[in-house]
Amino acid sequence: MSKILVFGGAFNPPTKAHVLLANQARIKVDFDKVMFVPSKMTYIKDDQGKDYAYSDDDRYEMLSLLAREHDWLEVSDYELKCDKQPRTYQTLKYLKELGYECKLLFGSDKLMELESGWKNVEDICQEFGIVCMVRNFDDVDCIVSENEFLTKLKPYITFVHTSDEYQSVSSSKVRAYLRNKEMDRVKENVPSSIYEYLERKIK
């Protein structure tokens, strides 16, 4: 049974941080692969209120380019093919039914959202477990200890500290660079195959 970290998100577009930090987390917890699971464009725009969302096809294709470059990286179009955006718990159960041993992967910026913004959090923790990438020098011990809900979940969360490199990289910054036609900055922040893809899109 392949052990995978399930990494959901917009990946709008995928950045060097997504790739580097996910792989660091995978290595530290000794898992086989990271499964990138892009969410639906309608969810990104309507529910998350992002300023712009690449199409489902574009984001899936960009992630597929990365999957062809890294043997530890896979991509699932499960959420993209659903009629409406599924909850994370539903996605994890689907992947488990395919035969994967799963844990959820996310960055520490998501910790404070768990109590009010997520469904089935306790089920996710108890059935799958969470691997949390510590980002932007977050003091996760303080965040957890000061929150009763997170303190209760702590036994199910594995915190992994990632390198300082690319800590400040984000998709939203990349989109801003693209709007301003700062292509050198875009090139610094995304993998080369993604840069070439984005460059073709704006020509």
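Once you have a ≥ b ≥ c as the square roots of the Cα gyration tensor eigenvalues for the range 3-167, tell me rounded if a/c is under 1.5, and otherwise prolate or oblate according to whether a/b is larger than b/c. Before the final figure, lay out the partial values.
Working: a/c = 1.37, a/b = 1.26, b/c = 1.08.
Since a/c stays below 1.5, the shape of the range 3-167 is classed as rounded.
Along Cα→Cβ, 7 Å out, is where each label goes; now give me the distance between the ones at Glu97 and Thr158 in nm to one decimal.
Output for this residue pair reads 2.6 nm.
According to a simple spin-label model (label point 7 Å from Cα along Cα-to-Cβ), what is the distance in nm between Asn120 and Lys187?
About 4.4 nm separates the two model spin labels.
Considering the zone a paramagnetic label at Tyr52 would reach in this model (a point 7 Å from Cα along the Cα-to-Cβ line), which residues of the range 2-36 have amide N under 18 Å from it?
Within reach of a label on Tyr52, which here means backbone N under 18 Å from a point 7 Å along Cα→Cβ, the range 2-36 contributes 10-16.
Magnitude of the Cβ-charge dipole of the chain, K/R +1 and D/E -1, about the Cα centre, nearest 20 debye?
Numbers: 30 positive and 35 negative charges, 101 e Å.
The calculated dipole for the chain is roughly 480 debye.
Between Ser145 and Ser172, 0.36 nm times their residue separation minus their Cα-Cα distance comes to what? List each step's numbers first, then the result.
Numbers: separation 27, 0.36 × 27 = 9.72 nm, distance 3.00 nm.
6.7 nm is the gain from fully extending Ser145 to Ser172.
Given Leu95, Gly129, Pro14, which one lies farthest toward the positive end of the charge dipole of the chain, if we put +1 on the Cβ of every Lys and Arg and -1 on the Cβ of every Asp and Glu?
So the residue we want is Pro14.
Measure out, as a whole number of angstrom, how far apart the alpha-carbon centroids of the range 2-19 and the range 32-85 sit.
Cα centroid to Cα centroid, the span is 8 Å.
Straight distance only, please: which lysines reach the Cα of Lys3 with their own Cα at less than 22 Å, same-chain residues fewer than 8 apart left out?
Lys28, Lys33, Lys93, Lys96, Lys103, Lys154
Coordinate-derived values only; no laboratory data. Everything numeric here is computed off the predicted structure, so don't read it as measured data. We place every Cβ from the backbone using ideal geometry, glycine too, and count neighbours over all the protein chains shown.
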